[in-house]
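These notes concern the structure reproduced below.
The values are calculated or read from the model by the stated rules, or taken from the named source; none is laboratory data. A quick note: this is a predicted structure, and the numbers were derived from the prediction, not measured. Here Cβ is always computed from backbone atoms with ideal geometry, including for glycine, and neighbour counts include all displayed protein chains.
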2 protein chains.
Amino acid sequence: MTPEALNDALRSHPAALKLLSPLGLRAALPFGIPQQAADAAHCERQATIGQITDGTGLPLALPSLARCFSNLDPRESLLYTPQHGLARLRTVWRDHILASAGPGTPVSNPVVTAGITHAISICGELFTAPDRPLLVPLPYWDNYDTIVTMRTGAPIHTFDFFDGPAARTPRFNVAGLRHALDRLTGPATLLLNFPANPTGYSPLADEVEGPNGIVAAIVGHPHPLAVICDDAYEGLFFGPTTGPAAMYGRSVYGALARAADPNRHLICKVDGATKELVFFGGRVGFLTFSATGAAGDALAEKAAALIRSTISNGPAPSQAAVLHALESPTLAAEQEAVLSVLARRYRALKAALDEHGVPYWPFNSGCFCLLPLPEGMHAEEVRKRLIVEQSVGVIQIPQVNALRVAFCGIEAEDIPDLVERIGRVINAR
Amino acid sequence: MTPEALNDALRSHPAALKLLSPLGLRAALPFGIPQQAADAAHCERQATIGQITDGTGLPLALPSLARCFSNLDPRESLLYTPQHGLARLRTVWRDHILASAGPGTPVSNPVVTAGITHAISICGELFTAPDRPLLVPLPYWDNYDTIVTMRTGAPIHTFDFFDGPAARTPRFNVAGLRHALDRLTGPATLLLNFPANPTGYSPLADEVEGPNGIVAAIVGHPHPLAVICDDAYEGLFFGPTTGPAAMYGRSVYGALARAADPNRHLICKVDGATKELVFFGGRVGFLTFSATGAAGDALAEKAAALIRSTISNGPAPSQAAVLHALESPTLAAEQEAVLSVLARRYRALKAALDEHGVPYWPFNSGCFCLLPLPEGMHAEEVRKRLIVEQSVGVIQIPQVNALRVAFCGIEAEDIPDLVERIGRVINAR
């Protein structure tokens, strides 16, 4: 479709049109080779696409390469996937989203991306620009700087993630979110990443719903707002499910998409196989919009145009493998087993931090916890000392002078030793 | 490194600095999580990166997914690759380039990209901008419009690919290239795609070298010029190797890189596994520069920054499979077998076109040939008639009112029938 036709199709979701950046407005798939090839898919003589095949659609596979994928059909592993991703994979992932988001949630047909970062980057290109800021809680994953500020020139606005100091068991800073939104006067994008990198925090039930929750703060915002729900760590919840610290325990996408006003809001969900299927190297992510029907399809085509103009199409072996896994009857049990390993590590980490008196920000989910450093200690210096003196690798978070500890790659029985080593440096004074 | 430090490192290749777009100038990898994780790679306690592993570096693989890659080590298939791509794959591909480019050719350490389009797109972002045009021979692959004009806003300038009408057996239009270069007064990018899509033409020996060749035309250009050698179809040569129509028979990258002046020229090679290893769905491409030493490394880091800000890193199973294939002792024989199948189809196509009196532009390589349409016939109408009336799928090339026929997906014995069907429509009057 032409950009004009796509933009016209967004009339049923006016916020989307108000939110698109100049690149987002001109993004469109021309009537090019993939479209013409699809047109001729059922012809007896297929001379459209430049794939080396045997005339019946089977690739002329090189055995030295194909044997790496002997459990996949060569058509799945060696040939191009569509720009939008495998059709069946999109359907299955949409069902996966609907199952957790709840009935009545508007969900477009997901576009398959080359990993979750790619889905965020596409949102960045669609919605941010030098006069279209990105709002994120601080601290945030440092790659947002590269995706947004370096690439699109958009400024990043922040508000404090927590509503108080670490020692007082703070909560997610909904008031800070409200104040930051109040300062926005034009189209903007808000990114919410729960479970969060680097804090490892997911909001509690009353931080999402109710009059003082995230949903109410966003729905009340009077200007066009795209909300990116970065659900990279979806499902990795370890905190309590009942009581005063009960977690909301699912993506905020569903509640936001149901409450959003299409005149002002567009909610985007980015998620994928990276963590949910322990497939870090696969590069299979998804981008889904709260716009449905023709508007949802138009946004998906704009995303596909950005895919066509960067990587042309996504990795076929990875998409095939993810589809096989999602259709496996044993997948849920396999995921449960990984989740229980991570939950054991989570509990071991909390216990060890308490035992060794190492201060930490609240964490209840994901792969990380965040350790605030005492006044006068410098995160980069502590990071280097931990490598040299303790043979411990952690990530420095200069945004809040803290250390990020990834507990997803350390066995539970080794965690007390890890914390003891960290404590030797942090508590040395 | 900071953008300033990277740009400073380009002083040994001044053209690179003159050629970078605003995005190219600010592209740089911050000292982020991947760099800090690499720093701590040898620590006893690794709490840097958010990968779900068993504490010894093995992923906690889900069997339903991992069994799709049972011939790859789970660390190869399931974990992140570096932003620049697998180190060993870069080395092996550099040797592969050097083997055909010839001794003395400056070759940077290749960056692995998510397919060949991705390498072109990175060049587009590094070098093109609204005031930095892209020059290409006409006709050209239509995705260049999406990669360049849609994405970076750069205009595309063209010159006729052939130096005369199809009926007179024309040659590559070096004079047209010279005139088009003469009209450029500032930094610009030239893209040369041989074997070409959609013409299927590769230049003859004297069209590349000698006083009236491509190399001389480019080397004589007085303004900063980036040259992208789009070698997607490298190695697929079927024309004569001796006599007056003898093909040059290799990438023009080597000759250009050796002759280029670092004050004015930067030669970029984009190639990959897509066609060379019949791995269309893999998304493994490479981007290599004629800048070496610190300048080559700085350009590679800028490319890696663009990768980090779009897809974060490339598909691991695909990179692992390509590396395995490149290190297989039987690979050359396997490629030879595919090449001989394609050569048979090429000869069958030429013979059938001659027999049925279907006019064609010269073609000697790659996957395609291009059929000019008689005056008054409209490419899109003919394409549709071929689908409906003849059950034949081809691609329309409106740039020159022609049809592109892909012979890489049709068995040699079916090609006469294909051409007969096409002839029925084209020669109907």
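Inspect the range A:342-349 for any residue being within 22 Å of B:L62 (Cα to Cα) and facing chain B (nearest Cβ under 8 Å) and give the result as yes or no.
Filtering the range A:342-349 for residues within 22 Å of B:L62 (Cα to Cα) gives A:342-346.
Retained after the next criterion (residues that are facing chain B (nearest Cβ under 8 Å)): A:342.
Yes: one or more hits.
Assigned to a loop (DSSP other than H, G, I, E, B) and within 22 Å of the chain's Cα centre (by Cα): is that true of B:G376 in this structure?
No, not satisfied.
Could you tell me how many of the residues in the range B:304-337 are within 7 Å of chain A (Cβ to nearest Cβ) and over 26 Å from A:V322 (Cα atoms)?
Result for the range B:304-337: 6.
For the range B:411-429, which residues satisfy the criterion of being touching a helix residue (DSSP H, G or I) at 6+ places or on another chain (Cβ under 8 Å) and small (G, A, S)?
Result: B:A412, B:G423.
Specify which of the listed residues (B:P155, B:P137) is surrounded by fewer than 21 Cβ atoms within 10 Å (Cβ to Cβ) and not charged (D, E, K, R).
Step by step, each of B:P155, B:P137 is checked, and only B:P155 is surrounded by fewer than 21 Cβ atoms within 10 Å (Cβ to Cβ) and not charged (D, E, K, R).
What are the residues in the range A:31-69 that are out of contact with any strand residue (DSSP E or B) (no Cβ under 7 Å at 6 or more places or on another chain), among the aliphatic types (A, V, I, L, M) and over 19 Å from B:L386 (Cβ atoms), if any?
Answer for the range A:31-69, where residues must be out of contact with any strand residue (DSSP E or B) (no Cβ under 7 Å at 6 or more places or on another chain), among the aliphatic types (A, V, I, L, M) and over 19 Å from B:L386 (Cβ atoms): A:L58, A:A61, A:L62, A:L65, A:A66.
Restricting to helices (runs of 4 or more DSSP H) lying wholly in the range B:226-308: which have 2 or more residues that are more than 20 Å from the chain's Cα centre (by Cα) and in contact (Cβ under 8 Å) with a residue 60 or more places away in the chain?
The helices (runs of 4 or more DSSP H) meeting that bar are B:293-308.
Identify, from the list B:L342, B:L386, the residue that is touching a residue at least 60 places away in the same chain (Cβ under 8 Å) and assigned to a helix (DSSP H, G or I).
Going through B:L342, B:L386 in turn, the sole match is B:L342.
Determine the pairs where a residue that is without any contact (Cβ under 8 Å) to a residue 60 or more places away in the chain, located within the range B:355-376, has a partner that is assigned to a loop (DSSP other than H, G, I, E, B) with Cβ atoms under 6 Å apart, the partner being 6 or more residues away or on another chain.
Within 6 Å, the pairs are B:L371/B:Y360; B:L373/B:N401.
Which condition from (1) in contact (Cβ under 8 Å) with a residue 40 or more places away in the chain; (2) touching a Phe, Trp or Tyr at 6+ places or on another chain (Cβ under 9 Å); (3) surrounded by fewer than 24 Cβ atoms within 10 Å (Cβ to Cβ) is the one that B:D206 breaks?
With respect to (1) in contact (Cβ under 8 Å) with a residue 40 or more places away in the chain; (2) touching a Phe, Trp or Tyr at 6+ places or on another chain (Cβ under 9 Å); (3) surrounded by fewer than 24 Cβ atoms within 10 Å (Cβ to Cβ), B:D206 is out only on (1).
Take the residues of the range B:31-82 that are small (G, A, S) and modelled with pLDDT of 95 or more: which is farthest from A:F69 (Cα to Cα)?
At the first step, the residues of the range B:31-82 found to be small (G, A, S) are B:32, B:37-38, B:40-41, B:47, B:50, B:55, B:57, B:61, B:64, B:66, B:70, B:77.
Adding the requirement that they be modelled with pLDDT of 95 or more leaves B:61, B:64, B:66, B:77.
Values: B:A61: 17, B:S64: 14, B:A66: 11, B:S77: 11 Å.
Out of the qualifying residues, it is B:A61.
Give the range B:389-406 a look and list any residue that's buried (at least 24 other Cβ atoms within 10 Å of the Cβ) and in contact (Cβ under 8 Å) with a residue 60 or more places away in the chain, or say none.
B:I395, B:I397, B:A402, B:R404
Going by the conditions given, is A:P315 assigned by TED's automatic domain parsing to the domain that holds A:T91 and either touching a residue at least 60 places away in the same chain (Cβ under 8 Å) or under 26 Å from A:D145 (Cβ atoms) (or both)?
It is true that A:P315 is assigned by TED's automatic domain parsing to the domain that holds A:T91 and either touching a residue at least 60 places away in the same chain (Cβ under 8 Å) or under 26 Å from A:D145 (Cβ atoms) (or both).
How many of the residues making up the range A:363-396 are touching a Ser or Thr at 6+ places or on another chain (Cβ under 9 Å) and facing chain B (nearest Cβ under 10 Å)? Full working, then the answer.
Taking the range A:363-396 first, the residues touching a Ser or Thr at 6+ places or on another chain (Cβ under 9 Å) are A:363-366, A:368-370, A:393-395.
Still in the list and also facing chain B (nearest Cβ under 10 Å): A:366, A:368-369, A:393-395.
Residues flagged as touching a Ser or Thr at 6+ places or on another chain (Cβ under 9 Å) and facing chain B (nearest Cβ under 10 Å) within the range A:363-396 amount to 6.
What's the number of the condition A:A16 fails, among (1) within 13 Å of chain B (Cβ to nearest Cβ); (2) farther than 30 Å from B:L418 by Cα; (3) buried (at least 22 other Cβ atoms within 10 Å of the Cβ)?
(1)
Checking B:L418 against (1) in a loop (DSSP other than H, G, I, E, B); (2) within 7 Å of chain A (Cβ to nearest Cβ), which single condition isn't satisfied?
Looking at each condition in turn, B:L418 falls short on (1).
Conditions (1) in a loop (DSSP other than H, G, I, E, B); (2) facing chain A (nearest Cβ under 10 Å), marked per residue:
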position: B:L23; (1), (2): no, yes
position: B:L29; (1), (2): yes, yes
position: B:I49; (1), (2): yes, yes
position: B:T56; (1), (2): yes, yes
position: B:P82; (1), (2): yes, no
position: B:H96; (1), (2): no, no
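Just one of A:A402, A:A412, A:A428 is more than 7 Å from chain B (Cβ to nearest Cβ), in contact with a strand residue (DSSP E or B) (Cβ under 7 Å, 6 or more places away or on another chain) and at negative phi; which is it?
None of the other options fit; the residue is A:A402.
State yes or no: is B:S108 crowded, with 23+ Cβ neighbours inside 10 Å and not assigned by TED's automatic domain parsing to the domain that holds B:L299? Steps first, please.
Values: crowded, with 23+ Cβ neighbours inside 10 Å: yes; not assigned by TED's automatic domain parsing to the domain that holds B:L299: no.
For B:S108, the condition - crowded, with 23+ Cβ neighbours inside 10 Å and not assigned by TED's automatic domain parsing to the domain that holds B:L299 - is not met.
Answer with yes or no whether A:D206 is within 27 Å of A:F368 (Cα to Cα), among the charged types (D, E, K, R) and under 19 Å from the mean Cα position of the chain (by Cα).
No, not satisfied.
Just the residues that are assigned to a loop (DSSP other than H, G, I, E, B) and more than 7 Å from chain A (Cβ to nearest Cβ), please, taken from the range B:59-77.
B:D73, the sole residue that qualifies.
When the range B:380-399 is examined, which residues are found to be closer than 16 Å to B:N197 by Cβ and in contact with a strand residue (DSSP E or B) (Cβ under 9 Å, 6 or more places away or on another chain)?
B:V394, B:I395, B:Q396, B:I397, B:Q399
Can you tell me which residue within the range A:111-134, out of those that are touching a Pro at 6+ places or on another chain (Cβ under 7 Å) and more than 14 Å from chain B (Cβ to nearest Cβ), is surrounded by the most Cβ atoms within 10 Å (Cβ to Cβ)?
From the range A:111-134, those touching a Pro at 6+ places or on another chain (Cβ under 7 Å) are A:114, A:129, A:132-133; that's our starting set.
Cutting the leftovers down to more than 14 Å from chain B (Cβ to nearest Cβ) gives us A:132-133.
Working: A:R132: 24, A:P133: 21.
The residue in question is A:R132.
Could you grab me the full set of residues in the range A:139-186 that are over 22 Å from A:N401 (Cβ atoms) and either among the aliphatic types (A, V, I, L, M) or outside the structural domain of A:V252 (by TED's automatic domain parsing) (or both)?
A:I147, A:V148, A:M150, A:A154, A:V174, A:A175, A:L177, A:L181, A:L184, listed by residue number.
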